[in-house]
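Below is one structure, written out as structure tokens; comments come after it.
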Amino acid sequence: MNFYNVNYFKLGLKILYENFPYIIESVNFVKPGKGQSFARVKLRNLINNKLIEKTFKSTEKLKKANILNFSAKYLYNDTKFWYFLNTKNFEEFYVEKKIIKNNIYWLINQGKCSITLWNSKVISVIPENFVILKVISSDLNTKKDSINKNLKLVKLSTGVSIKVPYFIKIGDFIKVDTRTCKYICRI
């Protein structure tokens, strides 16, 4: 198994820490006047997405995480499993809803996404940064107020509700940022 010495840590490196896969988000190497050098590291857990901070001595080594990322297309779902097609080898596979979490609202038929595997098990499904969805219903009783600044709530074709400007109508197609769940523009 491969190991990484703390002195060679860099952004984006995927490691195993306490038997979970992490990605390094920041590294700060410190060489004090006396004593051993060390590194302050921010790690993001690839399973639950939590960020932690740890300090490692320069002599420590951590295992390399067996992480694989690849591109896939979303095909369909049966409410229990979501089915995808690997775009490289055309292998079809399925993922449980609990792994996809709220990203199910951004998966559209034949839409591209990124799949992350750890030890041959799917740990995350990330949709494209922007998707185009149809507005299927609108909150007609919404009144303009100073808090919402000319925004109303609409329901999109995938079932998610977001705030959009008042000029958006039922049947319009809109572009949405999947990372922030925010309206970008009308198409």
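What follows draws every value from the coordinates through simple rules; no lab data is involved. On a predicted model such as this, the values are computed, not experimentally measured, just so you know. Neighbour counts run over all protein chains shown; Cβ positions are idealised from the backbone, glycine included.
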(message) Counting just the Cα atoms, what span does the chain cover along each of its three principal axes? Round to the nearest Å and put the largest first.
(response) 67, 47, 24
(request) Go through region 47-59 residue by residue and turn each phi into a ³J(HN,Hα) via Karplus (6.51, -1.76, 1.60, θ = phi - 60°); whole Hz please, and just put x for glycine and proline. (result) 8, 10, 6, 7, 9, 10, 10, 9, 10, 10, 5, 5, 8
(message) So for region 67-127, averaging the separation of alpha carbon pairs under 8 Å that are six or more residues apart and normalising by length, what relative contact order in percent results?
(response) 36
(message) Quick check on the chain: helices-only [θ] at 222 nm, where DSSP H runs of length 4 and up contribute -39,500 (n - 2.57) each and the sum goes over total residues. Nearest 500, please.
(response) -500 deg cm²/dmol
(request) Using the Karplus curve 6.51 cos²θ - 1.76 cosθ + 1.60 with θ = phi - 60°, work out ³J(HN,Hα) for each residue of region 23-30 in order, rounded to whole Hz, and write x for Gly and Pro. (result) 10, 7, 9, 7, 9, 10, 7, 10
(request) Could you work out the relative contact order of the chain, using alpha carbon pairs under 8 angstrom and six or more residues apart, expressed as a whole percent? (result) 14
(request) Let me know the charge dipole size of the chain about its Cα centre in debye, to the nearest 20, where only the beta-carbon of Lys, Arg (+1) and Asp, Glu (-1) is charged. (result) 560
(request) Give the relative contact order (percent, whole number) for region 27-102; include only Cα pairs under 8 Å separated by 6+ residues. (result) 16
(message) Just to confirm my numbers, what's the Cα centroid distance between region 87-114 and region 1-68 in Å?
(response) 29
(request) For region 85-100, just list the computed ³J(HN,Hα) in residue order, Karplus coefficients 6.51, -1.76 and 1.60, θ = phi - 60°, integers in Hz, with x standing in for Gly and Pro. (result) 10, 5, 6, 8, 10, 6, 7, 8, 8, 10, 9, 6, 4, 5, 7, 6
(message) Counting only pairs 8 or more residues apart or on different chains, how many lysine pairs in region 67-127 have their Cα atoms under 23 Å apart?
(response) 20
(message) If I histogram all Cα-Cα distances within region 67-127 using bins 5 Å wide from 0, what percent of pairs lands in each bin?
(response) 4, 21, 35, 29, 9, 2
(request) For Gly111, list long-range residues whose amide hydrogen, built 1.01 Å from N in the peptide plane, is under 5 Å from its own amide hydrogen. (result) Tyr74
(request) May I ask you to sort Ile15, Ile136 by Cβ crowding, counting other Cβ atoms within 10 Å and putting the fewest first? (result) Ile136, Ile15
(request) Output the peptides 112-123, 27-38 sorted from most to least packed, where packing is the average of other Cβ atoms within 10 Å over each peptide's residues. (result) 112-123, 27-38
(request) Answer with one residue from Tyr183, Tyr8, Tyr76: the one whose Cα lies farthest towards the positive end of the charge dipole of the chain, charges on Cβ with Lys, Arg +1 and Asp, Glu -1. (result) Tyr8
(request) Given the options Ile126, Ile100, Ile52, state which has the largest fluctuation in a GNM of the chain using a 10 Å cut-off (strictly under) for Cα springs. (result) Ile52
(message) From the alpha carbon gyration tensor of region 3-64, can you work out the equivalent ellipsoid semi-axes (sqrt of 5 times each eigenvalue) and give them in Å, largest to smallest?
(response) 21, 12, 9
(message) For Arg179, project a label point 7 Å along Cα to C-beta. Then give me every residue of region 31-60 with its amide nitrogen under 20 Å of that point.
(response) 42-52
